[in-house]
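Before any comments, here is the structure.
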Amino acid sequence: MLMILCLSLTISIYFAAKWVYKKRGKVYYSPLVLAPIVLILVLIIFNIPYSTYEEGSKWITALLQPATVALAIPLYKYYPSLKKFFKEIGFCVLIGSILAILISSFLSKLLKLDHSLSASIIPYSITTPIAMNIASIIGGVPTITAVFVILTGIIGMVLGPVIIIQFHLKSDIAKGVLLGISAHGAGTAKALEFSTGAGAIASICMILAAMISFIISPLIPFFI
Amino acid sequence: MKRIGVGVLQVACLCIFTYAINGITSWLNWSIPGSILGLVILFLLLKFKIISLKWIETGGNWLVAELLLFFIPAAVGILQYKQLIIGNGLKILAVLIISSSIVMVCTGLVAEKLTSRKEKIETHAHDTVLKSHN
């Protein structure tokens, strides 16, 4: 019973947040910011354990993978125009993936985070399943990595648009590249708000970033 | 009404497709996640006209439009790591925010420079093609 309640509560709070976000347009009303905060408060106030919540909400999480697969649709529609910029996009992803690893490991060292925590943070910017995979390879805790990945998604959704405005980035390619490389699926969703083209670019960047990070992951232990 | 039925059916097909690929990758012990492999395979199927966009478009667009919904339970999952957040939360946030920002600024600027130069060389206005139809 509580299970079904958690499931329907998540869906209704999401649509409510989406409605508020559409009306107000402020980033802190974005469904991925507002809905988790409201849900966490509900769980704390009514003393509902996360395991109970998860029982109900796993049906929502189960759709994440088919939704990721469905990103093939914008990719297919925009393929002819994306093809022309493939080299540029690939170059940006390579720079972005290397930077993400170098900077996060440098900062973890600077702030004296312990080894397993650093190893859990370093794959922070790529899509969850691959990030968890890399974390376990380099000695991190995959489930903690999953939390950092989602936090990064939220950070990217909030700061990405600010950076796009501050640095006067006008092309769909720059918007898609920036959001897809640094904020995986959540960034792709944000890029789709800008335009379908930017969303298609973001999804390509998400895939490439995951692949490149996976390939260079054996080198990561040298940095931590 | 009919559109809703078609959409639900298409979502179901995409789920079956995804979880079938998941099954195959884990059976073969591959470390590629099913969702990424599925995305690439579905793209190739569309590109080589093995399946038509119409067969999955309605349901697929729904899933893409509500992408953020599917991340919410994972975000609520932060609740499980109260201790970690109380102890190291600020440091962790600092690492994530600073490195995300640097990566975003660098990749965004490089992409803008590279593509605007290319656009100048080729006088065609690519961005008219790329502009949104939303």
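The values are calculated or read from the model by the stated rules, or taken from the named source; none is laboratory data. These numbers were taken from a predicted model, which means no experiment stands behind them. Cβ atoms come from the backbone with ideal geometry, glycine included; neighbour counts cover every protein chain shown. Accessible surface areas use protein heavy atoms only, side chains included; no ligands, DNA or RNA. Shrake-Rupley method; radii C 1.70, N 1.55, O 1.52, S 1.80 Å.
Worth pointing out:
- In region B:46-55, residue least open to solvent (accessible area, probe 1.4 Å) [restricted to those that are aliphatic (A, V, I, L, M) and at the interface with chain A (Cβ under 9 Å from one of its Cβ atoms)]: B:46
- Any hit, region B:69-83, residues being free of Cβ contacts under 8 Å to residues at least 40 places away in the same chain, open to solvent by less than 60 Å² (accessible area, probe 1.4 Å), of a type outside the set (Asp, Glu) and more than 8 Å from chain A (Cβ to nearest Cβ): no
- Residues (at pLDDT below 95 and small (Gly, Ala, Ser)) located in region A:154-180: A:171
- Residues that are more than 30 Å from residue B:49 (Cβ to Cβ) and either of a type in the set (Gly, Ala, Ser) or touching a strand residue (DSSP E or B) at 6+ places or on another chain (Cβ under 8 Å) (or both), drawn from region A:71-117: A:96, A:97, A:100, A:104, A:105, A:108, A:116
- Checking the stated criteria, residue B:66 turns out not to satisfy the condition of being under 26 Å from residue A:72 (Cα atoms), of a type in the set (Asp, Glu), within 7 Å of chain A (Cβ to nearest Cβ) and within 17 Å of the chain's Cα centre (by Cα).
- Scanning region B:12-45 for residues that are under 23 Å from residue A:205 (Cβ atoms) and open to solvent by 70 Å² or more (accessible area, probe 1.4 Å) gives B:30, B:32, B:44.
One line per residue, one yes/no per condition, for (1) surrounded by 21 or more Cβ atoms within 10 Å (Cβ to Cβ); (2) under 25 Å from residue A:74 (Cα atoms); (3) not assigned by TED's automatic domain parsing to the domain that holds residue A:82:
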site: A:95; (1), (2), (3): no, yes, no
site: A:121; (1), (2), (3): yes, no, no
site: A:132; (1), (2), (3): yes, no, no
site: A:141; (1), (2), (3): no, no, no
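- Among the residues making up region A:166-197, those that are over 12 Å from residue B:108 (Cα atoms) and not hydroxyl-bearing (Ser, Thr, Tyr) are A:183, A:184, A:185, A:186, A:187, A:189, A:190, A:191, A:192, A:193, A:194, A:197.
- Residues satisfying the stated conditions in region A:191-215, i.e. within 18 Å of residue A:159 (Cα to Cα), in contact (Cβ under 8 Å) with a residue 12 or more places away in the chain and open to solvent by 10 Å² or more (accessible area, probe 1.4 Å): A:192, A:194
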